Amino acid sequence: MSNVVTEPRPVADSAPLPVSLKQARLPRWSPPVFALVALAAGAGIGLVAGLDSKIQWGLIAALLFIIGTFTIATKVEGARQARDRLATSLVWMAFLLAVLPLASLLWETVDRGRKVLDGYFLTHSMGTLPDAMVGGGINHAITGTLQQVGLATLIAAPIGLLTAIYLVEYGRGKLAKAVTFFVDVMTGIPSIVAGLFVLSVWILILGFGPSGFAGAMALAILMMPVVVRSTEEMLKLVPNELREASLALGVPKWRTILKVVLPTSIGGITTGVMLAIARITGETAPVLLLVWGAKTINNNPFEGAQQSLPLYVYQQWQQGSEASYDRAWAAALVLIAFVMILNLVARGIARWKAPKTGR
Amino acid sequence: MDTSAIPQNPPPTAPAAPSEVSGKAVRPGDRIFLGLSRGSGIALLVIMAAIAAFLTYRSVLAIQGDKANFFTTFEWDPSGAEPKFGIAVLAFGTVVSSIIAMIIAVPVAVGIALFISHYAPRKLAAPLGYVIDLLAAVPSIIYGLWGALFLVPHLSGLYAWLDSYLGWTGIFSYSQGAARSLFTVGILLAIMILPIVTSVSREVFLQVPKMHEEAALALGATRWEVIRMSVLPFGRSGIISASMLGLGRALGETMAVATVLSPSFLIGLSLLDPGGGTFAQNIASKFSEADTFGQDALIASGLVLFVITLLVNGAARLIIARRKEYSGANA
Amino acid sequence: MKLQRKTRVRALAVGALAVSGALALSACGSDDTTGGPGASSAKAANIKCDGKGKLLASGSSAQKNAMDVWVQNYSGACKDTEINYQPTGSGAGVTTFLQGQTAFAGSDSALEPGEVEKSKQLCKTGQGINLPMVGGPVAIGYNVPGVEDLVLDAETLAKIFDSKITKWNDPAIKKLNPSAKLPDLKIQAFHRSDESGTTKNLTEYFKAAAPKDWKHEPDKAWAGKGGQAASGSSGVSSQVKQTAGAISYFELSYAESSQVNTVKLDTGAKEPVEANVDNASKAIAEAKRVGKGNDHAMELAYDTKAEGAYPITLVTYEIACDKGNKKETLPATKSFLTYMASEDGQAALKELGYAPLPTEIAEQVRKTVSTLS
């Protein structure tokens, strides 16, 4: 096989084959060493030029590294290898560039959040404590978020799931087209608009008071399209051979869907639903309009105002005192942890239950 | 999928009475199930139509009451005696900040995706992918918090630096204010959409047929040449649709923008100086003090955002659909 | 397969643990923060409790801190009533009140004629009235390195906020501060990006005291030229703290909590006036009552030259129906408003950076509150 290598593309130095196989290469340790040198140089230039932003030091170092590697590689290895190295260093740069802010985001949240995060914080509400003072907790917000998100899921998941089944398994013609179109439209709703819609129908026209349930309806509106689209994708991944085999055995279509199609794709569907939950958990605007916000625990989502975690973060940030900033970060940390646990569980389920594809 | 016809001959184990089985699906179970799923489709349609009608109704109220041109006015004053408001600044700010976000995020995201799929050590790749996916789910209010209290104070040095070298262009001139400009918004949005664009692109890169890559390697291609010749062409439409997804999110982002931007209804040439605004940010920051007509005006601007997002989503869907046909997935 | 099952079990366990943990957490929660850190030494104030259940209210964020303390003291005495005040902003507060969602609204500005008309539908037999409950100085905070003491007058301030004066060492500022070491620094004027009563207040002051230099109409939305914006008092005050050369306006309590220097105003009185609680109370005493009957809407004298009266002072109102309040919430509303206007209620404000109402006005408000029905 290997003796058919007849120069795929003309290379600059058309040396005889055996020589090019033994072409000079940079030693394996060169990239990290170059990186260190570039970093040192970047820091040096930064210090000498008196640049106070560390971001600039990093940028200079990155630039030096890329240019340095490229020129040295061109000299030693030739243009093709140099370009390869250039690409490699650019990809590494991209990675570092992205990891830095994201890591900083997580670090800041954890670092500032743990200051007041303890058992007391988790098990107490704000009670009657003024927001400007130290103390209080987020129990009311956790309760509210769990209930609102739970209710929203109970509304949105079945409707979304069935709609997706309709689109994939039955959908033909105008109705399916219209549903697909409107699902797309729905993904673009600004969350405050969904909140306003529920506000005018549920609270202003029908005359109900603010409650966790009202918020849950708005969240459900935001959640449905996400569930539909991810479920749709997952159902499409189920090979047709499975359906045909089942149908050929005379199993009714609905049983085919329930017993063959859904179990095969249940992992992916769960992931989709969980991701949708994670997405609505962070919503602030509709909660503010419909759930009202509160300082005490309300265990009944159908009656009376409630609090929610993102709204709590926002309000504490607005308050603008040291104590409330601390609480905002701690609540943000809890919120992130909550969303991430959900996500991890979802990914886990998806991994074990994923339909076995060729890959 | 021509499976709608139920097989004619029921096998002996079929639970239903054989005599009732005819060519079409008449089993009660089937009918109920179809009814249920079609019903929820219709329910979704009804909700959506109701929202659309509600939005349009209130927008029409607003635009009728607008004494200035809704699309070209550089002002937002719906509560005055002569209500005047327009979306020119908002449209500009939304588009510009999203474009900045895309310019920064897409190459970097493709880079990370390539890093995870082709460059990273095996042991690192899987957890990295995991972490990136997790970051896609971080609520935007937290990005906002981080942006306002951490990112903004750290950017003014960078901006002064940009100003001293590129200030002559006008676009990058910076007059030493707080770094709360459209450019900052663009950077924050870029960071926010990175995880999404990355994870979708990575999925696509992983789907590149191994044969293509191995063929290129066998021809003596370097790693970069493999990527350029087999991975990127295959993934191009996937990257585009991933970017569109990210763009959709950037366009509608509210809280993060509202905490980071210093809004104004003047458009300046400089992207680094504070000013500008976006649709979602304007709705969030004006809503609490708005009277009913002011709300109508904000809803009208929301409708415009809605249409823009719809177009972007539609485009993404078209491209994804094309890719499906091309790659023969689910064949 | 075996391995898979193991991980599955483990993951399910983790999931179950997380869920049950969350549930357990929410089940054993407590509203009682009196034993925790920051609990107040709430004196058992002289509060007459009445009514039961939950009281919803919303509105001005300027009176949020006062409301927090009132609620704390009130619910310490009256365990049957739970008051939920959300600082959504005056506009939203009035809107939700007129929609009948809340028992009363907090607002930085009195009801406008159109809103009074609307309130007649809600109150049936009566109409919405403005009850002034708390005032507060709007401080002008600045951040100029090396300058601890700064005096400005209305003309100079108006020019600064309208981008006509752009450097801290401008002759106009120098003239007012001959001894200060003013740097050659660009002025970064911050205003509120959201609509706000403090903005309206400041611009009313400009309009009244420096009509030549401020041509814009006073409004809740910022109308001045240029400058930068941030949302909320906390937003602008934290910008002033972060940015060298910055100047902005916000309630005094924000200046105190973020430790920002405040400007003394040259009003034409003998001494420049400092932004503090007593000086604000003096300004409120100068104000005229413009509301008729049960309405206590007030008009502040922004161009006052009275000794020690700080002219940029905000009076915030509670808005309720004089007659025709909702039956369920009337007793509690009345009892809560009575406490707010009482001597104890007003005395609780001072340390929070708010100005208590002058005795005479408080007297009248109390009288009106007692007639609410």
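The values are calculated or read from the model by the stated rules, or taken from the named source; none is laboratory data. Computed from a predicted model, the values in this text were never measured in an experiment. As a convention, Cβ positions derive from the backbone with ideal geometry for all residues, glycine included, and neighbour counts pool all protein chains shown. Remember, those area values only see protein heavy atoms, side chains included, never the ligands or the DNA or RNA. Shrake-Rupley method; radii C 1.70, N 1.55, O 1.52, S 1.80 Å.
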Qualifying position, being touching a Leu at 6+ places or on another chain (Cβ under 8 Å), open to solvent by less than 30 Å² (accessible area, probe 1.4 Å) and not in a loop (DSSP other than H, G, I, E, B), among A:Thr256, A:Thr271: A:Thr256
Helices (runs of 4 or more DSSP H) completely within region B:103-170 that count 2 or more residues being surrounded by fewer than 23 Cβ atoms within 10 Å (Cβ to Cβ) and of a type in the set (D, E, K, R): B:122-135
Hey, B:Trp146 within 7 Å of another protein chain (Cβ to nearest Cβ), at pLDDT 85 or above and more than 30 Å from B:Ile319 (Cα to Cα) or not: yes
Within region B:304-315, considering residues that are more than 18 Å from B:Glu75 (Cα to Cα) and touching a residue at least 40 places away in the same chain (Cβ under 8 Å), the one farthest from the other protein chains (Cβ to nearest Cβ): B:Ala315
Residue tally, condition in a loop (DSSP other than H, G, I, E, B) and within 9 Å of another protein chain (Cβ to nearest Cβ), over region A:276-291: 3
Which numbered condition A:Arg112 fails, given (1) in contact with a Phe, Trp or Tyr (Cβ under 8 Å, 6 or more places away or on another chain); (2) within 30 Å of C:Ser75 (Cβ to Cβ); (3) of a type outside the set (S, T, N, Q): (2)
Among the residues listed as C:Ser109, C:Ser90, the single one being of a type in the set (Ser, Thr, Tyr), surrounded by fewer than 24 Cβ atoms within 10 Å (Cβ to Cβ) and in contact (Cβ under 8 Å) with a residue 24 or more places away in the chain: C:Ser109
Residue match in region A:45-64 (condition: farther than 30 Å from B:Ile193 by Cβ and of a type in the set (S, T, N, Q)): no
Helices (runs of 4 or more DSSP H) within region C:124-226 that include 1 or more residues of a type outside the set (Lys, Arg) and within 14 Å of chain B (Cβ to nearest Cβ): C:154-161, C:197-209
Flag for C:Asp80 being charged (D, E, K, R) and more than 8 Å from every other protein chain (Cβ to nearest Cβ): yes
Identity of the residue in region B:37-59, more than 8 Å from chain A (Cβ to nearest Cβ) and in contact (Cβ under 8 Å) with a residue 12 or more places away in the chain, that ends up most open to solvent (accessible area, probe 1.4 Å): B:Thr56
Residue that is farthest from B:Thr254 (Cα to Cα) [pool: residues in region B:270-282 that are more than 7 Å from every other protein chain (Cβ to nearest Cβ), small (Gly, Ala, Ser) and buried (at least 24 other Cβ atoms within 10 Å of the Cβ)]: B:Gly275
Residues of region A:312-333 that turn out to be part of a helix (DSSP H, G or I) and either at the interface with another protein chain (Cβ under 9 Å from one of its Cβ atoms) or surrounded by fewer than 24 Cβ atoms within 10 Å (Cβ to Cβ) (or both), as a count: 15
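Residues checked against (1) surrounded by fewer than 24 Cβ atoms within 10 Å (Cβ to Cβ); (2) within 11 Å of another protein chain (Cβ to nearest Cβ); (3) assigned to a helix (DSSP H, G or I):
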residue: B:Ser262; (1), (2), (3): no, yes, no
residue: B:Leu266; (1), (2), (3): yes, yes, no
residue: B:Ala284; (1), (2), (3): no, yes, yes
residue: B:Ile299; (1), (2), (3): no, yes, yes
Failed condition for C:Thr338, given (1) out of contact with any helix residue (DSSP H, G or I) (no Cβ under 8 Å at 6 or more places or on another chain); (2) open to solvent by 30 Å² or more (accessible area, probe 1.4 Å); (3) of a type outside the set (Lys, Arg): (1)
Near pairs, Cβ below 6 angstrom, 6+ apart or cross-chain, from region C:241-264 (part of a strand (DSSP E or B)) to any residue that is open to solvent by 30 Å² or more (accessible area, probe 1.4 Å): C:Ala246/C:Asn143; C:Lys264/C:Pro272; C:Lys264/C:Glu274
Residue in region A:295-306 that is closer than 23 Å to B:Ser285 by Cα, in contact with an Asp or Glu (Cβ under 6 Å, 6 or more places away or on another chain) and at pLDDT 85 or above present: no
Single condition A:Phe70 does not satisfy, out of (1) assigned to a loop (DSSP other than H, G, I, E, B); (2) closer than 30 Å to B:Ile104 by Cβ: (1)
Odd one out for A:Thr231, checked against (1) buried (at least 20 other Cβ atoms within 10 Å of the Cβ); (2) farther than 29 Å from A:Ala214 by Cα; (3) not hydrophobic (A, V, I, L, M, F, W, C): (2)
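What residue, among those in region C:69-87 that are in a helix (DSSP H, G or I) and open to solvent by 10 Å² or more (accessible area, probe 1.4 Å), is farthest from C:Glu328 (Cα to Cα)?
Within region C:69-87, the match that is farthest from C:Glu328 (Cα to Cα) is C:Val69.
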Qualifying position, being outside any helix (DSSP H, G or I) and in contact with a strand residue (DSSP E or B) (Cβ under 7 Å, 6 or more places away or on another chain), among B:Ala178, B:Ala221: B:Ala178
Qualifying residue in region A:91-111 (condition: surrounded by 18 or more Cβ atoms within 10 Å (Cβ to Cβ) and more than 14 Å from chain B (Cβ to nearest Cβ)): no
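Touching a residue at least 12 places away in the same chain (Cβ under 8 Å), more than 23 Å from C:Gly197 (Cα to Cα) and of a type in the set (Phe, Trp, Tyr) - does that describe any residue in region C:327-339?
Yes, the conditions are met somewhere in region C:327-339.
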Residue list for region C:263-293, filter: crowded, with 20+ Cβ neighbours inside 10 Å and among the polar types (S, T, N, Q): C:Thr267, C:Asn279, C:Ser281
